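Here's the structure we're looking at; comments come further down.
The values are calculated or read from the model by the stated rules, or taken from the named source; none is laboratory data. Fair warning: this is a prediction, and the values are worked out from it, not measured in the lab. Here Cβ is always computed from backbone atoms with ideal geometry, including for glycine, and neighbour counts include all displayed protein chains.
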Amino acid sequence: MTNHDSPQTPIRWGILGTGAIAHRFMTGLRALPDADVTAVGSRSDATARRFAETWGIPRAHASYADLAADPGVDVVYIATPHNVHHEATLLCLDAGRHVLCEKPLAVNAAEAAAMIEAARRNGRFLMEAMWTRFAPATARIRRLVDEGAIGEVRMVTATIGARMDYDPHGRLFSPHLAGGALLDVGVYPLAFASQFLGGFTDIQAQATKAPTGVDAQVAMAVTGRNQTLGLLGCSIEAPIPRRADIVGTRGSIALTDWYSPTGFVLHRDGADEEVFDFPHHANGFEHEAMEVHRSLRAGRTESPLMSWEESLRIAEALDTVRARIGVSYPADQR
Ligand SMILES: NC(=O)c1ccc[n+]([C@@H]2O[C@H](COP(=O)([O-])OP(=O)(O)OC[C@H]3O[C@@H](n4cnc5c(N)ncnc54)[C@H](OP(=O)(O)O)[C@@H]3O)[C@@H](O)[C@H]2O)c1
């Protein structure tokens, strides 16, 4: 393992899985001068090589196990379908790598708890890649809310959705790949609201289903701490705007894109509205990678911005919603 105390020492990344999000993450990572992507791992030699050539990565491994065993990698970014997160994370942590794992951390809370336990056991960093949390705009909102800019938070509303092509065997609709709107996009409004509601004490939910039996749309009414509520929605069959409002007793904060936030509007009672702008440096994925770098350089095994406790809380919330809407996966039986 490299000593990361010096900011000059590059952090050496490995990419596990070569699908859509792995490419987007690479764009973000390339914005960090102290990130060095040294290896990629794929289920096949051809896809590993193709990804390595596209991004100029020196080593291409034809299995996830070979990537995990690569001593020239400090931290692995796990970019597989949700049902593979648990196995791939354990592989990497047990091989001594740190891990940034795509959201949702796992298919269910039991898997998430086992992953956290593996990080603890191995003394390695583990974080769920809840990228919206690390955006400077989101950080500024948290600070404004903590300072009482909108009084006491009472309600958070947040929605997200896109019309995805229906493929019964694809990642988004197949129960075998833990498909469905909730785990793919619904995890985001839950995680967003949790920051301002202090977690959830009750969750109600309604869903409509795709022909494969997974959820195509979910509407959630959540109760938070201190008399707070959230109204959250997600869809993989309709382009629902990515709007959010955080409403307090003395004002509100409105975002027209809370998922990839580059700004927001603050309304304080009796005052003119204030507009805040926080452009991304690259495509927005750089912020979560920066948090990994900060954490590794500080010798932390978890991030206070997306702690193990918070990831577990959100995994439990997802389990609760799935129980309410009647969605289960083969992975739940493992
Ligand atoms: N943060 C975000 O905004 C965001 C956006 C999209 C997705 N995600 C998350 O990222 C993860 C991957 O999503 P994606 O859209 O990149 O998926 P994708 O395009 O389908 O790619 C997933 C990759 O995982 C690997 N894989 C391993 N086992 C697989 C299996 N049984 N079936 C298919 N692929 C398998 C494949 O890479 P190899 O062939 O190289 O092994 C594949 O290319 C998901 O957990 C998702 O929630 C996050």
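For the range 153-163, check the following and say yes or no: at least one residue is over 26 Å from CYS101 (Cβ atoms) and within 16 Å of the ligand (Cβ to nearest atom).
Narrowing the range 153-163 to residues over 26 Å from CYS101 (Cβ atoms): 153-155, 157, 163.
Imposing the further condition that a residue be within 16 Å of the ligand (Cβ to nearest atom) reduces the set to 163.
For the range 153-163, residues over 26 Å from CYS101 (Cβ atoms) and within 16 Å of the ligand (Cβ to nearest atom): present.
Please indicate, with yes or no, whether at least one residue in the range 113-126 is closer than 21 Å to TYR188 by Cβ, assigned to a strand (DSSP E or B) and either within 16 Å of the ligand (Cβ to nearest atom) or of a type in the set (Lys, Arg) (or both). If you could, list the steps in order and put the result at the bottom.
Initially, the range 113-126 is screened for residues closer than 21 Å to TYR188 by Cβ, giving 115-116, 126.
Still in the list and also assigned to a strand (DSSP E or B): 126.
So of that shortlist, the ones also either within 16 Å of the ligand (Cβ to nearest atom) or of a type in the set (Lys, Arg) (or both) come out as 126.
Yes, the conditions are met somewhere in the range 113-126.
Does GLY233 count as more than 29 Å from ASP165 (Cα to Cα), at pLDDT 95 or above and in contact with a strand residue (DSSP E or B) (Cβ under 8 Å, 6 or more places away or on another chain)? Reasoning before the result, please.
Values: more than 29 Å from ASP165 (Cα to Cα): no; at pLDDT 95 or above: yes; in contact with a strand residue (DSSP E or B) (Cβ under 8 Å, 6 or more places away or on another chain): yes.
Considered against the rule, which asks whether it is more than 29 Å from ASP165 (Cα to Cα), at pLDDT 95 or above and in contact with a strand residue (DSSP E or B) (Cβ under 8 Å, 6 or more places away or on another chain), GLY233 comes out as no.
With the checklist (1) touching a residue at least 60 places away in the same chain (Cβ under 8 Å); (2) closer than 22 Å to VAL292 by Cβ in hand, flag the one item ASN83 doesn't pass.
All conditions are met except number (2).
Confirm whether ARG121 is farther than 25 Å from THR223 by Cα and free of Cβ contacts under 8 Å to residues at least 40 places away in the same chain.
On the way: farther than 25 Å from THR223 by Cα: yes; free of Cβ contacts under 8 Å to residues at least 40 places away in the same chain: yes.
The answer is yes for ARG121.
Considering only residues that are of a type in the set (Gly, Ala, Ser) and over 19 Å from the mean Cα position of the chain (by Cα), which ones fall in the range 119-164?
If we filter the range 119-164 for residues that are of a type in the set (Gly, Ala, Ser), which is where we start, we get 119, 123, 129, 135, 137, 139, 148-149, 151, 158, 161-162.
Those that are of a type in the set (Gly, Ala, Ser) and over 19 Å from the mean Cα position of the chain (by Cα): GLY123, GLY148, ALA149, GLY151.
Among the residues in the range 11-25, are any away from the ligand (no atom under 16 Å from the Cβ) and either modelled with pLDDT under 95 or aliphatic (A, V, I, L, M) (or both)? Step through it out loud before you land on a result.
Quick first cut of the range 11-25, residues away from the ligand (no atom under 16 Å from the Cβ) only: 11-12.
Checking which are either modelled with pLDDT under 95 or aliphatic (A, V, I, L, M) (or both) leaves us with 11.
Scanning the range 11-25 turns up at least one residue that is away from the ligand (no atom under 16 Å from the Cβ) and either modelled with pLDDT under 95 or aliphatic (A, V, I, L, M) (or both).
Any residue in the range 100-113 that is over 28 Å from TYR259 (Cβ atoms) and not basic (Lys, Arg)?
No - not one qualifying residue is present in the range 100-113.
If we only count strands (runs of 3 or more DSSP E) wholly inside the range 42-101, which ones have 1 or more residues that are of a type in the set (D, E, K, R)?
Details: elements: 59-61, 75-78, 98-101.
The strands (runs of 3 or more DSSP E) meeting that bar are 59-61.
If only one of ARG171, ARG225, ARG133 is within 17 Å of GLU316 (Cβ to Cβ) and in contact with a helix residue (DSSP H, G or I) (Cβ under 8 Å, 6 or more places away or on another chain), which one is it? Break it down into steps so the answer makes sense when it comes.
Values: ARG171 fails: within 17 Å of GLU316 (Cβ to Cβ); ARG133 fails: within 17 Å of GLU316 (Cβ to Cβ).
ARG225 is the lone residue from the list that is within 17 Å of GLU316 (Cβ to Cβ) and in contact with a helix residue (DSSP H, G or I) (Cβ under 8 Å, 6 or more places away or on another chain).
Residues in the range 294-315 that are assigned to a helix (DSSP H, G or I) and surrounded by fewer than 18 Cβ atoms within 10 Å (Cβ to Cβ): how many? First the steps, then the outcome.
Step one: filter the range 294-315 for residues assigned to a helix (DSSP H, G or I), giving 294-297, 308-315.
Cutting the leftovers down to surrounded by fewer than 18 Cβ atoms within 10 Å (Cβ to Cβ) gives us 294, 297, 309.
Going through the range 294-315 one residue at a time, the tally reaches 3.
Condition first: in contact with a strand residue (DSSP E or B) (Cβ under 8 Å, 6 or more places away or on another chain) and in a helix (DSSP H, G or I). Now tell me which residues in the range 268-293 satisfy that.
GLU288, ALA289, GLU291, VAL292, HIS293
Which one of ASP36, ASP94, ASP74, ASP66 is modelled with pLDDT of 95 or more and within 15 Å of the ligand (Cβ to nearest atom)? So that I can check it myself, show each step before the final result.
On the way: ASP36 fails: within 15 Å of the ligand (Cβ to nearest atom); ASP94 fails: within 15 Å of the ligand (Cβ to nearest atom); ASP74 fails: within 15 Å of the ligand (Cβ to nearest atom).
The match here is ASP66.
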